[in-house]
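Have a look at the structure below before the remarks.
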Amino acid sequence: MKQVQDYIRTIVDFPHEGIMFRDVTTLFADPRGFRMAIDQMLHPYAGIDIDKVVGLEARGFILGGAIAHQLSVGFVPIRKKGKLPGRTISQDYKLEYGEAIVELHDDAIKPGEKVLVVDDLLATGGTAEAGIKLIQRLGGEIVSCAFIIDLPELGGRTRLEAMGMEVNALCAFDGA
């Protein structure tokens with residue numbers, strides 16, 4: 001019987017030499033694999049009060065939308081700077097080479113709302129940390145952070161747990 005990681009393709013030396021890119025598009029393209037991933041991501045939250053699912057750009061939108069639908073709650077995107085219309089708040093964060101900025105509508109989360117943060121992959125945790133800070137600035141209470149893949153050697157889980165976050169991932173891969 002296949003497991004979630006069996007649907008994930010590894011592309012060697014992408015986007016540059018030395019990187020083992022974990023490609024979830026093959027998981028998303030397979031109806032059984034995609035359903036399995038969504039069902040397994042939902043499992044830890046059975047009976048937990050969640051008001052909103054927040055997806056991190058871009059693959060977090062695919063997962064977050066499906067999870068929000070299953071939970072019958074709203075979905076909120078956290079996007080790269082300049083992609084959201086209307087009033088936003090922003091948070092910068094460091095990348096391997098440089099910096100980036102993510103944004104959230106300033107009215108997307110109400111104080112006290114319980115939020116599940118979703119993305120496909122946890123590497124260094126920089127994007128997730130920036131998203132968490134945005135949610136917290138609006139008064140949201142983060143229930144947990146859910147990912148398909150954890151790359152433990154890059155330290156993202158440790159970083160988020162040091163912020164007091166619960167982290168769930170369906171599978172882990174060694175290396176970058």
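Read the figures in this text as sums done on the coordinates, not as results from a lab. This one's a predicted model, so the numbers in the text were calculated from it and none came from an experiment. Backbone-built Cβ (ideal geometry, glycine too); neighbour counts: all protein chains shown.
For the reader, a short list of remarks on this structure follows.
- Built amide H within the under 5 Å cut-off of E166, gap 5+: C145
- For K110, a cut-off of 17 angstrom between C-alpha atoms picks up these lysines, skipping any fewer than 8 places away in its own chain: K52, K133.
- Per-residue ellipticity at 222 nm computed for the chain from its helices equals -8000 deg cm²/dmol, with DSSP H segments shorter than 4 residues left out and the rest contributing -39,500 (n - 2.57).
- Spatial offset of the stretch 145-175 relative to the stretch 111-132 amounts to 11 Å, using the alpha carbon center of each.
- For A172, distant residues with modelled amide H under 5 Å away: D150
- For the stretch 73-79, 3J(HN,Hα) computed residue by residue from phi via the Karplus equation (6.51, -1.76, 1.60; θ = phi - 60°) reads 10, x, 10, 10, x, 9, 10 Hz, glycine and proline entered as x.
- Scalar couplings 3J(HN,Hα) for the stretch 141-158, obtained by applying the Karplus form with A = 6.51, B = -1.76, C = 1.60 to θ = phi - 60°, are 10, 7, 6, 5, 10, 10, 9, 7, 10, 10, 10, x, 5, 8, x, x, 4, 4 Hz; x denotes Gly and Pro.
- Loop-located GluC sites (Glu not before Pro) in the stretch 77-176, at most 15 other Cβ atoms within 10 Å (DSSP): E96, E166
- GNM flexibility winner over the chain from I67, I148, I11 (Cα, springs under 10 Å): I11
- A simple rule links phi to the HN-Hα coupling: the Karplus curve 6.51 cos²θ - 1.76 cosθ + 1.60 with θ = phi - 60°, which for the stretch 116-122 gives 9, 9, 10, 8, 7, 9, 10 Hz, with x for Gly and Pro.
- Sequence-distant residues sharing a close amide H with I8 (under 5 Å, placed H): none
- Relative contact order of the chain, pairs being alpha-carbon contacts under 8 Å that are 6 or more residues apart, as %: 18
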